[in-house]
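Below is one structure, written out as structure tokens; comments come after it.
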Amino acid sequence: MEIISGLKTEKKSFKYFGNGVEFAIIFFKNILLTVLSLGLYYPWAKVEILKYHYQSTELDDSRFSFHGTGKEVFKGFIKIYLIFILLYGTLIYGLQSGEQITTIITVAIFYLFFIFIIPFAIHGAARYRSSRSSWRGIHFKYLGNRMELFWKFITGMILTILTFGIYGAWFQIEIRKYILSHLRFGNLSFDFKGKGETLFWINLKFIFLFYLTLGIYSFWYIKNLWGFYADNTEITQDGKKVNFKLNMKPGDVFELMIVNFLLIIVTLGIATPWVTIRTFNFIFRFLEIDEGLNTNTIQQTSYDNYDDASGEDFLDFLDLDLL
């Protein structure tokens, strides 16, 4: 019946069409304009780069699109920097006050703000990025609740501190699972099935074997870590579950990392845009979706027109990734 109806349910492979020279022009132009504008051009630079990578990525002969604008990111950019100016001003005042109680209070406020704001930033970034991402005109949508994520994050942070970092692997999994389980793409839903103990052992083996192998185990570690995140990401369509797969080998990671490292060192960083394109090509060359996903029946259910990029800007400021 699938053959008769023309529905495609075979494995899905991604294609990436980014070009090093094209991206280098965008990359260096953005650096120049950001420097000349004293950083004010950064929001437009970020959006241009995101649009380039989205439009260079293809699934089933259709490209992805990013609909965010520099103006949206700029509004969040200004909001975040005003908050940080106020925070740092308060901290400096407390440190220079000469009063111990005032200093303790201002330092506590400064660090607690960073801890408490991160889950709100993650929530905002997930909602903004998903609402501005589409494929075949169908938008992603994030349905998480900011207070649920806040308490999950704070609980995980406390347990990680109390266990001297051991709970960190379970903490990471809980946050990833929460975000993905609340992510929708039209009538598709996502989930993450990885377990904290699996991530813990992947990281523990790396700690022991990195030194024993003089760093050579790093390539197996990256292969295992990336594979763990991809292979445990699940799509549900009409009650049927389909998994992502990242079918790479340690040798593939070795070639990527060594060549990228040499390109950066030999060119004194000039090859950075080419390294970026090589990395995207590498990921999408090995990433695929198992049999069972029918892209022809994906339909838009509802659209979340969320234009507040403050959360994304905050994660950028802290150099944190969403997932």
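Some observations on this one:
- Selection from region 101-151 of residues that are open to solvent by less than 70 Å² (accessible area, probe 1.4 Å) and not in a helix (DSSP H, G or I): Arg132, Ser133, Ser134, Trp135, Gly137, Ile138, His139, Phe140, Lys141, Tyr142, Gly144
- The numbered conditions (1) over 30 Å from Phe153 (Cα atoms); (2) open to solvent by 20 Å² or more (accessible area, probe 1.4 Å); (3) at pLDDT 90 or above; (4) not in a strand (DSSP E or B) are all true for Leu293 except (2).
- Which numbered condition Phe200 misses (of (1) outside any loop (DSSP other than H, G, I, E, B); (2) within 20 Å of Trp151 (Cα to Cα); (3) of a type outside the set (Asp, Glu)): (2)
- Some residue of region 256-276 being touching a residue at least 12 places away in the same chain (Cβ under 8 Å), open to solvent by less than 50 Å² (accessible area, probe 1.4 Å) and in a loop (DSSP other than H, G, I, E, B): no
- Any chance Gly311 is closer than 21 Å to Ala45 by Cβ, in a helix (DSSP H, G or I) and of a type outside the set (S, T, N, Q): yes
Every residue, every condition in (1) at pLDDT 95 or above; (2) surrounded by 18 or more Cβ atoms within 10 Å (Cβ to Cβ); (3) of a type in the set (Lys, Arg); (4) closer than 18 Å to Phe140 by Cα, yes or no:
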| position | (1), (2), (3), (4) |
| --- | --- |
| Ile3 | no, no, no, no |
| Thr9 | no, no, no, no |
| Lys15 | yes, no, yes, no |
| Gly20 | yes, no, no, no |
| Ile25 | yes, no, no, no |
| Val35 | yes, no, no, no |
| Gly39 | no, no, no, no |
| Phe64 | yes, yes, no, yes |
| His67 | yes, no, no, yes |
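- Of the set (1) part of a helix (DSSP H, G or I); (2) open to solvent by less than 40 Å² (accessible area, probe 1.4 Å), all apply to Gly215 but (1).
- Filter result for the condition that a residue is more than 28 Å from Val47 (Cβ to Cβ) and free of Cβ contacts under 8 Å to residues at least 40 places away in the same chain, over Leu149, Leu204: Leu204
- In region 69-100, residue surrounded by the fewest Cβ atoms within 10 Å (Cβ to Cβ) [restricted to those that are among the small types (Gly, Ala, Ser) and under 25 Å from the mean Cα position of the chain (by Cα)]: Gly70
- In region 296-316, the residues that are farther than 26 Å from Asn232 by Cβ and either buried (at least 20 other Cβ atoms within 10 Å of the Cβ) or within 14 Å of the chain's Cα centre (by Cα) (or both): Ala309, Ser310, Asp313, Phe314, Asp316
The values are calculated or read from the model by the stated rules, or taken from the named source; none is laboratory data. These numbers were taken from a predicted model, which means no experiment stands behind them. Note that we place each Cβ from the backbone using ideal geometry, even for glycine, and neighbour counts take in every protein chain shown. SASA here: full protein model, heavy atoms, side chains in, ligands and nucleic acids out. Shrake-Rupley method; radii C 1.70, N 1.55, O 1.52, S 1.80 Å.
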